[in-house]
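Structure record follows, encoded as structure tokens.
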Amino acid sequence: MTYLKRLVTGMAVVMIAGFVVLILTLVIRLNQTTSVAPDKITLPDGVTATAYTVGNGWYAIVTEENHILIYDAATGGLRQDITIE
């Protein structure tokens, strides 16, 4: 009976410790600040970014004006401007 009591107590301690680690991980991860786009991107005048995604060798910014601006990751230059209809 003592063995079973120790086993249950040990399992409860491990479960509580795991829960604390999970909560701490969520708090640390969700408190990080994220930007919509990297600081090195210079958007055209009057353009506001609403979304940002990264691909292999490029990144894209979706604007409020219904455009997708695709930039080269190495040079930072604009590769393509796609208009969304």
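The values are calculated or read from the model by the stated rules, or taken from the named source; none is laboratory data. Owing to the predicted nature of the structure, the values given are computational and were not obtained by experimental measurement. Using ideal geometry, Cβ is built from the backbone for each residue, glycine included, and neighbour counts are taken over all protein chains shown.
Only a single item in (1) loosely packed, with under 12 Cβ neighbours inside 10 Å; (2) at pLDDT 85 or above is not met by ASN31, and it is number (2). Selection within the stretch 49-83: residues that are out of contact with any Ser or Thr (no Cβ under 9 Å at 6 or more places or on another chain) and either outside any strand (DSSP E or B) or among the basic types (Lys, Arg) (or both). The member of this set that is modelled with the highest pLDDT is ARG79. Quick one: in the stretch 49-69, of everything that is within 19 Å of the chain's Cα centre (by Cα) and of a type in the set (A, V, I, L, M, F, W, C), which residue is surrounded by the most Cβ atoms within 10 Å (Cβ to Cβ)? Only one residue tops the list, namely ILE61.
Scanning the stretch 70-79 for residues that are over 22 Å from the mean Cα position of the chain (by Cα) and closer than 13 Å to PRO44 by Cα returns GLY77, LEU78. In this structure, ILE41 does not qualify as assigned to a strand (DSSP E or B), in contact (Cβ under 8 Å) with a residue 12 or more places away in the chain and of a type in the set (A, V, I, L, M, F, W, C).
When you look at ILE41, is it modelled with pLDDT under 95 and not assigned by TED's automatic domain parsing to the domain that holds GLY76, yes or no? Spelling it out, it is not the case that ILE41 is modelled with pLDDT under 95 and not assigned by TED's automatic domain parsing to the domain that holds GLY76.
Residue pairs whose Cβ atoms lie under 6 Å apart, sitting 6 or more positions apart in sequence or on different chains, and linking a residue in the stretch 46-60 that is assigned by TED's automatic domain parsing to the domain that holds LEU78 and of a type in the set (Val, Ile, Thr) to a partner that is surrounded by 13 or more Cβ atoms within 10 Å (Cβ to Cβ) and at pLDDT 85 or above, are VAL47/THR63; THR50/VAL62; THR53/ALA60.
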